[in-house]
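A short worksheet on the structure shown next.
The values are calculated or read from the model by the stated rules, or taken from the named source; none is laboratory data. Everything numeric in this text was worked out from a predicted model, so none of it was measured. We work out accessible area using only protein heavy atoms, side chains counted, and drop any ligands, DNA or RNA first. Shrake-Rupley method; radii C 1.70, N 1.55, O 1.52, S 1.80 Å.
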Amino acid sequence: MRRIRIKAIVFTLASGLFGYVFYMRYWIWRDCIAASQSSCVTSDGSNGTDGGMVWGVIALGFLAAAVIAQFGRR
């Protein structure tokens, strides 16, 4: 039982990390990316693109894994 909770915590932390990356690489720049229809140069000089959405998909995957680890079959 304790092992399942540790896995759930690890998956939740990974989900938070990838969610943060999604927010920084795509979400705050989504209007600029949509307007240019390709990419947007951010204030720190990096390039935000639609490809930043992949981090959100990874975050959702880890969140689903955390829920399954916590509440799934025992």
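Full extension from Ile9 to Ala64: what is 0.36 nm times the residue separation minus their Cα-Cα distance, to one decimal in nm?
Numbers: separation 55, 0.36 × 55 = 19.80 nm, distance 1.21 nm.
So the extension gain works out to 18.6 nm.
Below 8 Å between Cα atoms, with a sequence gap of 6+, how large is the relative contact order for the chain in percent?
46 percent
Once the Cα atoms of helix 53-71 and of the chain are each reduced to a long axis, what angle between those two axes, in degrees from 0 to 90 to the nearest 10, is obtained?
Taking the Cα atoms of the chain, the angle to 53-71 is about 10 degrees.
With every protein chain present, what is the per residue accessible area of segment 15-74 (1.4 Å probe, Å²)?
With the other protein chains kept in place, segment 15-74 gives 69 Å² per residue.
Pairing the Cα long axis of helix 2-25 with the longest principal axis of the chain, what angle in degrees results, from 0 to 90 and rounded to the nearest 10?
Approximately 10 degrees, to the nearest ten.
In square nanometres, what is one fourth of the surface area of the convex hull spanned by the alpha carbons of the chain? Write out the running numbers ahead of the final one.
On the way: hull surface 21.1 nm².
Computing the convex hull of the Cα atoms and averaging its projections yields 5.3 nm².
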